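Working notes, beginning with the structure itself.
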Amino acid sequence: MSLENVLPVFPAAGYIGGKRNLARRLISIIGQVPHTSYAEPFVGMGGIFLRRPTRPRAEAINDISGDVATFFRILQEHYPYFIDMLRWRVTSRAEFDRLRALPSDRLTDLQRAARFLYLQRLAFGGKVSGRNFGVDRVGGARFNVTKLEPMLADIHERLAGVVIEQLTYSDFIRRYDRDGALFYLDPPYWGCETDYGQDVFSRDDFAQLADQLAGINGKFLLSINATPGARDTFARFHVSEVPTTYTVGAQAKPVAELIVSNFPLPG
């Protein structure tokens, strides 16, 4: 296994279901699994992808969300123009509401990426569907280009050589599966299938995903909330329950998650 050391970077914004509190454990496992390619079918804002300290030669990220895929493509290919578009924006509830109401098909890719980042930085709890303006009484304005610009520069550099897709999870897995591949999957939480929008992911998709993962040539690591349905659906694989914390706003709640894999977990 030949992995290149890279600088871990932080995601540009929160995202519902993000794995900040589990990241260290998941990244430790990923680093111990031999692999020559790495792929994420549900990348979101890249909470695991970006925080890894090593990378194989081949990497691919995917999200069915056009907003997510467009954001990463623009950041990868048109970084200077993207920064120029962000430079004069201020934190404003009125601007948040105005941008939220704009239909995506009336925006250029640059405008769409800028709108997405603005809304995600300011949305309460990193929500994607049904966003509300979040207020930080302690930390100040959350959309501050002075602080954002170096973060986005790091992500732009990290995305060099990364393939960015907007496919269904099943098509993405099928295209990138091979011997030596490692997939990390962060699907919607069980019981929260519509949090990313209608018709994006359904309860039936969990069983379809499990069936597909049972037949891949590569290896996979998956994290999901610890529910009876999730346990039953992924029972054929190696399953480990781990404690973690869900945080929305200032509220922290201790919970358990399942780490699922088709290989024995190290340690």
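All of the numbers you see were taken from the coordinates with simple rules; none came from a lab. The structure presented is a predicted model; accordingly, all values stated were derived computationally and were not measured. Glycine gets a Cβ as well: all are built from the backbone with ideal geometry, and neighbour counts include every protein chain shown.
Sites listed here are chymotrypsin sites (Phe, Trp or Tyr not before Pro) in segment 82-123 whose DSSP assignment is loop and whose Cβ has at most 14 other Cβ atoms within 10 Å: 88. The ellipsoid equivalent to the alpha-carbon distribution of the chain has semi-axes of 30, 21, 18 angstrom, derived from the gyration tensor eigenvalues as √(5λ) and listed largest first. Derived scalar couplings between HN and Hα for segment 211-219 equal 4, 5, 5, 5, x, 7, 7, x, 10 Hz in order, rounded to whole Hz, by the Karplus curve 6.51 cos²θ - 1.76 cosθ + 1.60 (θ = phi - 60°), x for Gly and Pro.
Looking at the chain, which longest stretch skips every one of the trypsin sites (Lys or Arg not before Pro) that is in a DSSP loop with at most 14 other Cβ atoms within 10 Å, leaving the sites themselves out? Numbers along the way, then the final one.
Numbers: sites that count: 57, 87, 137, 178, 236.
Between the exposed loop sites, the longest stretch runs 179-235.
Between residue 174 and residue 28, how high is the FRET efficiency from 1/(1 + (r/R0)^6) when r is the Cβ-Cβ distance and R₀ = 45 Å? Nearest 0.05. Don't skip to the end; give the middle numbers.
Numbers: r = 28 Å, r/R0 = 0.63.
Between residue 174 and residue 28 the formula returns 0.95.
Taking the chain as the reference, fit the longest principal axis to its C-alpha atoms, fit the long axis of helix 23-32 to the helix C-alpha atoms, and give the angle between the two in degrees, 0 to 90, nearest 10. That works out to roughly 50 degrees.
The C-alpha atoms of the chain define a longest principal axis, and helix 109-122 lies at about 80 degrees to it.
Ordering 60, 45, 10 by Cα displacement along the dipole of segment 1-72 toward the positive end leaves 10 in first place; charges were set at the Cβ atoms of Lys, Arg (+1) and Asp, Glu (-1).
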